[in-house]
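The values are calculated or read from the model by the stated rules, or taken from the named source; none is laboratory data. As the structure is a computational prediction, the values presented were derived from the model and not from experiment. Cβ: placed from backbone, ideal geometry, glycine included. Neighbour counts: every protein chain shown. With ligands, DNA and RNA removed, areas are computed over all heavy atoms of the protein, side chains included. Shrake-Rupley method; radii C 1.70, N 1.55, O 1.52, S 1.80 Å.
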Amino acid sequence: MKKLINAVTTAFDMIYRILLEYSKLVLLVIVFIVSAQVISRKFLGTSIRWSEEVALLLMVWMAFISMAIGVEKKLHIAITMFYDMFPKTLRWILEKINFGVIFAFGVVLINYGIKLINSTSTSTLPATKWPASTLYLMMPVGGLFICYFTILDFFKLDQFRHRKIEGGDE
C-alpha cells in the first residue's frame, strides 16, 4: 500500500511542481502583456487586439492554480477565536468537517469545470479565435489538486510528499 501511495504522490508532486513553475511564468507573461498594451495604447495610439483576452485567460488560470496552492499551504481564511476554546474532540470533528467541505469544493470544481469545458468547446473567443473552453481548462486541474491536498491532510499522509520534487526543503 505504501508503494502505491508513494507512486501516486510522486506523480502528483511532479505535476504540482510543473504548475508552480508555470504559475510563475504566467504571472510574468500577464505583467508583460498588460504593460505592452498600456505602452502601445499610450505611446503608439493603437491597441493590441488580443492582449486583454489573453491576460484575462491567464488570470483565470492563475486563480484556479492559486486556489490549489492555497489549500496546500493552508492559506484559506480561518477565524480561530472560538475554535481554540472548544474541547479537543470537537475541534477534531470540526477539522474533519472542514476537510469534507474543502474536498466537496474540489469535486464541484472538477465536475463543473468539465461541464464548462464541454459546453464551451464549440464556441470561440472573439479576439484570439481560440476555443472558449481554454478559459476553463485549469478549473478541473485546480479542483483535482484541491482534492489531492485535502486527502493528504485528512488522512495525515504528508510524510509521502516529495518536497524536493516540488522545489522545497525535505
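Observations
- Taking the stretch 42-158 as the region of interest, the helices (runs of 4 or more DSSP H) fully inside it that hold 2 or more residues being touching a helix residue (DSSP H, G or I) at 6+ places or on another chain (Cβ under 9 Å) and within 23 Å of VAL31 (Cβ to Cβ) are 51-72, 138-154.
- Identity of the residue in the stretch 40-78, closer than 16 Å to ILE102 by Cα and open to solvent by 100 Å² or more (accessible area, probe 1.4 Å), that ends up modelled with the lowest pLDDT: ILE77
- Count - residues of the stretch 142-167 that are of a type in the set (A, V, I, L, M, F, W, C), open to solvent by less than 50 Å² (accessible area, probe 1.4 Å) and over 14 Å from PHE99 (Cα atoms): 1
- Filter result for LYS129 (out of contact with any Cys (no Cβ under 6 Å at 6 or more places or on another chain), open to solvent by 80 Å² or more (accessible area, probe 1.4 Å), on the phi < 0 side of the Ramachandran plot and free of Cβ contacts under 8 Å to residues at least 24 places away in the same chain): no
- Selection within the stretch 99-113 - open to solvent by 80 Å² or more (accessible area, probe 1.4 Å) and among the hydrophobic types (A, V, I, L, M, F, W, C): VAL101, PHE105
- Test: residue in the stretch 89-98 that is touching a residue at least 40 places away in the same chain (Cβ under 8 Å) and either open to solvent by less than 80 Å² (accessible area, probe 1.4 Å) or closer than 26 Å to ARG17 by Cβ (or both): yes
- Selection of the stretch 32-69 for residues being small (Gly, Ala, Ser) and more than 19 Å from LEU144 (Cα to Cα) yields SER35, ALA36, SER40, GLY45, SER47, SER51, ALA55.
- The residues of the stretch 147-165 that are within 17 Å of ILE18 (Cβ to Cβ), among the hydrophobic types (A, V, I, L, M, F, W, C) and at pLDDT 90 or above amount to a single one, PHE149.
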